[in-house]
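*Asks:* What follows is a structure written as structure tokens; I'll ask about it next.
The values are calculated or read from the model by the stated rules, or taken from the named source; none is laboratory data. Since the structure is predicted, the reported quantities are computational estimates derived from the model, not experimental observations. Here the Cβ positions follow ideal geometry from the backbone for every residue, glycine too, while neighbour counts run over all protein chains shown. All accessible areas refer to the heavy atoms of the entire protein, side chains included, with ligands and DNA or RNA removed. Shrake-Rupley method; radii C 1.70, N 1.55, O 1.52, S 1.80 Å.
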Amino acid sequence: MAVVAAAQKNREMFAIKKSYSIENGYPARRRSLVDDARFETLVVKQTKQTVLDEARLRSNDSSMEPEVQHEDIPTKEETTQAIKDDSGLTEEEVFLQNALSENPESENYPQKSILVLRLKEGMSSLGRILKTVEKFNGSVCHLETRPNKNEGAQLDALIKIEMSRINLLQILKSLRQSSVLEHCTLVGDDNITSKTPWFPRHASELDNCNHLMTKYEPDLDMNHPGFADKEYRERRKEIAEIAFSFKYGDPIPYIEYVPTEIKTWNSVFNTVQELMQKHACVEYRRVFKKLMDEGIFAPDKIPQLQEMSDFMCRNTGFTLRPAAGLLTARDFLASLAFRIFQSTQYVRHVNSPYHTPEPDCIHELLGHMPLLADPSFAQFSQEIGLASLGASDKEIEKLSTVYWFTVEFGLCKENGNVKAYGAGLLSAYGELLHALSDKPELRPFEPAATAVQPYQDQEYQPIYYVAESFDDMKDKFRRWVSTMSRPFEVRLNAYTGRVEVLDSVDKLESLVHQLNTEVLHLSNALNRLKAPSLQ
């Protein structure tokens with residue numbers, strides 16, 4: 001178990017472990033999900049390279065040598081020089097080496113791995129390779145060869161071997177300095193591979209997904225409306241600390257909003273209530289009215305996240321989790337997979353009630369919450385979250401861009417008219433009126449094109465995407481997601497609350513059984529509706 005735990009820790013090595021911003025010199029002044037995803041990709045790449053470089057230095061440590069020496073096994077000095085000459089340590093080797101560092105007792109643990117070799121001298125050199133495996137106390141489980149088309153490399157060989165982890169690392173060093181090889185690569189098994197990245201499998205693991213992107217903070221940027229307001233900055237820190245302390249299963253903390261915050265809410269609420277009747281989609285208007293009827297929405301009080309969360313849970317199963325600010329794109333999208341929306345609780349500055357360059361509770365309560373209580377839109381939001389789990393950095397950028405042009409700034413058709421459903425429009429009346437004027441370009445929503453469209457966060461958008469309907473948007477999105485490179489499919493098991501990777505026959509059969517049961521219920525219901533009424 002210790003070996004498995006060490007390997008799991010190493011899988012997570014390239015995950016983001018802290019808030020970036022001041023530490024990493026965030027380049028932008030504004031905050032947006034798409035730009036965060038791009039910056040996140042850059043930071044992960046830099047972090048990854050640093051980890052690899054450090055691992056290569058550690059690989060010269062004499063403690064990694066086996067006690068058994070042989071005339072054909074390189075000395076420490078020869079191995080060190082070979083590593084310096086060949087810096088191509090693979091991620092699998094890095095993870096394996098760090099697993100040994102975390103748990104030295106696992107060095108004699110038997111490890112099954114695959115070596116892919118490019119031999120310069122054909123079959124004659126293969127015998128020497130197999131002899132080397134034997135000298136490192138390894139056994140060959142499987143062997144394949146094929147001719148290689150490249151000049152100077154006569155044969156490719158795939159060798160599945162089993163040997164101790166310490167000897168596996170050492171034979172790699174030995175093979176890399178061999179004159180009969182042009183290329184040597186380790187392809188790890190499930191214990192050492194990094195190809196399936198870590199992502200939360202249960203909502204409780206979102207406690208590890210709260211990394212912030214701070215670009216436009218009142219403490220850091222003189223253009224922020226609260227930069228010169230010490231009282232406002234202290235208030236922001238106070239509410240942020242409450243969010244940082246939150247853990248899965250805790251009740252959402254109650255915030256006692258002060259008069260200036262309620263005044264800001266009142267100004268925005270009244271404006272949204274006036275404009276939505278003409279410009280918001282019918283789904284938004286319907287839920288907004290329901291929120292007012294239940295007393296959750298009112299002009300003179302800011303709703304608490306807990307009461308809003310309870311309302312959403314009753315309608316669509318979505319719940320809320322307090323956040324200290326704008327999360328990284330990967331963390332934020334991951335929460336949607338569990339039907340959890342991470343929401344701030346602080347209020348924008350009173351001097352800028354109709355615009356905020358960062359998320360605040362007014363944007364999220366008035367912009368996002370009504371539609372997350374609509375079944376069709378809630379399902380679309382969850383599907384974006386599920387698509388993000390295990391996605392590559394580039395695909396996270398694309399998903400974030402789709403999110404930007406739909407959930408944040410999306411338009412849809414309604415009885416031949418264009419209506420707003422994006423939260424960034426419904427909580428900022430200036431851009432709402434701009435989007436529905438004749439100034440911007442309106443394009444039909446097509447995920448493949450939308451995902452690569454440059455966005456604008458300094459001024460109003462020059463381009464908006466219009467969906468024919470929520471159902472049409474979901475259908476197009478699903479078809480596009482099916483073309484992503486992620487080599488597995490996931491689903492949220494509603495009974496266990498866990499994300500399942502559909503990667504085995506047993507899991508697929510279980511899913512088919514559940515679907516058959518649901519289809520049976522649907523068929524029975526339809527038959528009863530069609531049957532003549534009992535007298």
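*Asks:* Identify all residues within region 400-423 that are in contact with a Gly (Cβ under 9 Å, 6 or more places away or on another chain) and open to solvent by less than 10 Å² (accessible area, probe 1.4 Å); write none if there are none.
*Replies:* Taking region 400-423 and keeping what is in contact with a Gly (Cβ under 9 Å, 6 or more places away or on another chain), we get 404-411, 420-423.
Those that are in contact with a Gly (Cβ under 9 Å, 6 or more places away or on another chain) and open to solvent by less than 10 Å² (accessible area, probe 1.4 Å): 405, 406, 407, 410, 411, 420, 421, 422, 423.
*Asks:* Residue 218 versus (1) at pLDDT below 85; (2) open to solvent by less than 70 Å² (accessible area, probe 1.4 Å); (3) in a helix (DSSP H, G or I); (4) not aliphatic (A, V, I, L, M): which is the lone unmet condition?
*Replies:* (3)
Every residue, every condition in (1) assigned to a loop (DSSP other than H, G, I, E, B); (2) open to solvent by 40 Å² or more (accessible area, probe 1.4 Å); (3) at pLDDT 90 or above; (4) small (Gly, Ala, Ser), yes or no:
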position	(1), (2), (3), (4)
449	no, yes, yes, yes
458	yes, yes, no, no
466	no, no, yes, no
478	no, yes, yes, no
499	no, no, yes, no
508	no, yes, no, no
511	no, no, no, no
518	no, yes, no, no
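*Asks:* To continue, here is another question. Condition first: more than 22 Å from residue 262 (Cβ to Cβ), assigned to a loop (DSSP other than H, G, I, E, B) and touching a Leu at 6+ places or on another chain (Cβ under 6 Å). Now tell me which residues in region 317-360 satisfy that.
*Replies:* Selection gives 318, 337.
*Asks:* Restricting the search to region 263-282, which residues are in a helix (DSSP H, G or I) and in contact (Cβ under 8 Å) with a residue 40 or more places away in the chain?
*Replies:* Answer for region 263-282, where residues must be in a helix (DSSP H, G or I) and in contact (Cβ under 8 Å) with a residue 40 or more places away in the chain: 263, 264, 265, 267, 268, 269, 271, 272, 275, 276, 279, 282.
*Asks:* Now for a different question. Does region 381-403 contain at least one residue that is among the basic types (Lys, Arg) and either under 20 Å from residue 325 (Cα atoms) or within 22 Å of the chain's Cα centre (by Cα) (or both)? Steps first, please.
*Replies:* Kept after step one, since they are among the basic types (Lys, Arg), are these residues of region 381-403: 394, 398.
Applying the additional criterion that residues be either under 20 Å from residue 325 (Cα atoms) or within 22 Å of the chain's Cα centre (by Cα) (or both) yields 394, 398.
Yes; the residues of region 381-403 include at least one that is among the basic types (Lys, Arg) and either under 20 Å from residue 325 (Cα atoms) or within 22 Å of the chain's Cα centre (by Cα) (or both).
*Asks:* If you don't mind, another one. Given (1) part of a loop (DSSP other than H, G, I, E, B); (2) hydrophobic (A, V, I, L, M, F, W, C); (3) in contact with a helix residue (DSSP H, G or I) (Cβ under 6 Å, 6 or more places away or on another chain), where does residue 432 come up short, assuming only one miss?
*Replies:* Every condition holds for residue 432 apart from (1).
Per-residue answers, yes or no, for (1) within 18 Å of residue 297 (Cβ to Cβ); (2) open to solvent by less than 10 Å² (accessible area, probe 1.4 Å):
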{"position": "327", "(1), (2)": "no, yes"}
{"position": "335", "(1), (2)": "no, yes"}
{"position": "360", "(1), (2)": "yes, yes"}
{"position": "366", "(1), (2)": "yes, yes"}
{"position": "372", "(1), (2)": "yes, yes"}
{"position": "383", "(1), (2)": "no, no"}
{"position": "387", "(1), (2)": "no, yes"}
{"position": "391", "(1), (2)": "no, yes"}
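*Asks:* Filter region 299-325 down to the residues that are β-branched (Val, Ile, Thr) and within 17 Å of residue 252 (Cα to Cα), then identify the one that is most open to solvent (accessible area, probe 1.4 Å).
*Replies:* Going residue by residue through region 299-325, those that are β-branched (Val, Ile, Thr) are 302, 316, 319.
Remaining after also requiring within 17 Å of residue 252 (Cα to Cα): 302, 319.
Details: 302: 12, 319: 41 Å².
Among those that are β-branched (Val, Ile, Thr) and within 17 Å of residue 252 (Cα to Cα), it is 319.
*Asks:* Right, something else. Checking residue 183 against (1) over 30 Å from residue 335 (Cα atoms); (2) modelled with pLDDT of 80 or more: exactly one of these is not met. Which one?
*Replies:* Single failed check for residue 183: (2).
*Asks:* Within region 362-379, can one find any residue that is part of a loop (DSSP other than H, G, I, E, B) and at positive phi?
*Replies:* First pass over region 362-379, keeping only residues part of a loop (DSSP other than H, G, I, E, B): 373-374.
Cutting the leftovers down to at positive phi gives us none.
There is no residue in region 362-379 that is part of a loop (DSSP other than H, G, I, E, B) and at positive phi.
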